[in-house]
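The values are calculated or read from the model by the stated rules, or taken from the named source; none is laboratory data. Because the structure is predicted, anything quoted here is derived from the model rather than measured. Heads up, the Cβs are rebuilt from the backbone with ideal geometry, glycines too, and the neighbour counts pull from every protein chain shown. Quick note on the areas: whole protein, heavy atoms, side chains included, nothing else; ligands and nucleic acids left out. Shrake-Rupley method; radii C 1.70, N 1.55, O 1.52, S 1.80 Å.
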Amino acid sequence: MRALVTGGAGFLGSHLCDYLLSLGHKVICMDNLITGTLDNISHINDEKFIFIKHNVTEYIDIAGDVDFIFHFASPASPIDYLRLPIQTLKVGGLGTHKTLGLAEAKRAAYILASTSEIYGDPLVSPQNESYWGNVNPVGPRGVYDEAKRFAESMTIAYFKEHGVNTHIVRIFNTFGPRMRLNDGRVVPTFIYQALRGEDLTVFGDGSQTRSFCYVSDLIKGIYKLITSDIHTPVNIGNPLEMTVMEFANLIMKLTNSPSKIIYRPLPTDDPKKRRPDITKAKTLLNWEPKISIEEGLKATIDWYRKRI
Ligand code: UDP
């Protein structure tokens, strides 16, 4: 089979390319490299793999069959989408439209990388797929949240109106090798700070929660979903919830770091709680995460240690 991965040179996209190649598929990796990097795919030496530099908000022209489309292109860290607000809206809006049009033309199975951000600062916890969310459309995170909400609507519309075989994965916080060191997200930031003996910057009082999933678990869940007959959104993430403060302490323990914790202001609209209800993925896909946070963090820390 032949797959297109948009955002294929990004963190999740590049792991997806690796996984698809390991299953024997041909992979077209598409990226405009504004947040992705060729370093993430430079290890791939496989005649079944090609890279195309292209911005998916523009018309996508691919000759021949395409069996799967994974639409993973988007800035995905808060500092990236604050820096690139219009491009974030365009890739979620226009990019989703272009990739869905391609899926229709090629009769490909399609999956949209959606996000727990569509739940905004949730008023219920854990979040299950029937929760509609609590999003500030004009706040700093609105460009990402609303682009992904629009993208979900567009994806469902292509399923209903054109019968495209679409799928929507709501991805919760994920970590692993290849997250950009300076992308501002809590995992690479704390690991970088701890390994360099710098103070760990906890935003707010550190009582806000997140639930972190190791990348290999997430990728397997995504593949199960695109090959399923489930067209409604499915949460994929690890339900183990912890506060940012607990997470900072865990990183310091695993790195044996002499660092201390310092406090910085909580960014505007930073969600106070985030934890996936994964009952749907467990029941319908027989998927749940297998890698413990300690195990995943050890592998991630080892990877960063070689690069710092
Ligand atoms: N955070 C933090 N210090 C940092 C970076 C992030 O305390 O240096 C917090 C941030 O305020 C948020 C959580 O860690 O509550 C996760 O942030 P991240 O940027 O990784 O992603 P988010 O889940 O907010 O999209």
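Descriptive notes on the structure:
- Three-way shape label, the chain, alpha-carbon gyration tensor, a/c 1.5: prolate
- Summary: within the chain, the longest segment free of trypsin sites (Lys or Arg not before Pro) located in DSSP loops with at most 16 other C-beta atoms within 10 Å is 108-195.
- Taking a straight line from the alpha carbon of Lys272, these lysines sit under 29 Å away, with near neighbours fewer than eight places off in the same chain left out: Lys90, Lys148, Lys220, Lys253, Lys260, Lys280, Lys282, Lys290, Lys298.
- Of the residues Trp287, Trp132, ranked by 1.4 Å probe accessible area with the largest first, the sequence reads Trp132, Trp287.
- 17 Å reach of a label modelled at Ser207, 7 Å along Cα-to-Cβ, counting backbone N of region 255-282: 263-267, 269-274
- The largest accessible area among Ser292, Ser77 belongs to the first residue in Ser292, Ser77, and the rest follow in falling order (1.4 Å probe, all chains).
- Taking a ≥ b ≥ c as the square roots of the eigenvalues of the alpha-carbon gyration tensor, region 151-288 is classed prolate because a/c is 1.5 or more and a/b outweighs b/c.
- For Asp302, the accessible surface of its heavy atoms amounts to roughly 80 Å² (probe 1.4 Å, protein chains only, rounded to the nearest 10).
- FRET efficiency for Leu123 and Glu198, using Cβ-Cβ distance with R0 set to 41 Å, rounded to 0.05: 0.70
- Inter-part distance, region 29-82 to region 197-248, computed on C-alpha centroids, equals 22 Å.
- Residues of region 139-158 with amide N under 20 Å of the 7 Å Cα→Cβ point at Asp229: 156-158
- Relative contact order [Cα under 8 Å, 6+ residues apart], the chain, whole percent: 17 percent
- Segment Leu181..Ile86, full-extension length gain: 31.9 nm, with 0.36 nm per residue of separation and the alpha-carbon distance subtracted.
- A dipole drawn for region 187-267 from +1 and -1 charges on Cβ atoms has a positive end, and of Pro265, Leu218, Gln193 the residue lying farthest that way is Gln193.
- Using a simple spin-label model with pseudo-atoms 7 Å out from Cα toward Cβ, Thr279 and Lys253 lie 3.1 nm apart.
- The chain: angle of helix 244-255 to the longest principal axis, Cα-based, in degrees nearest 10: 80 degrees
- Added length on full extension, which subtracts the Cα-Cα distance from 0.36 nm per residue, Glu58 to Ser292: 80.2 nm
- Spacing of the modelled spin labels on Trp303 and Trp132, each 7 Å from Cα toward Cβ, amounts to 3.8 nm.
- With 0.36 nm allotted per residue and the present C-alpha distance subtracted, the Ser153-Asp269 stretch has 39.4 nm of extension available.
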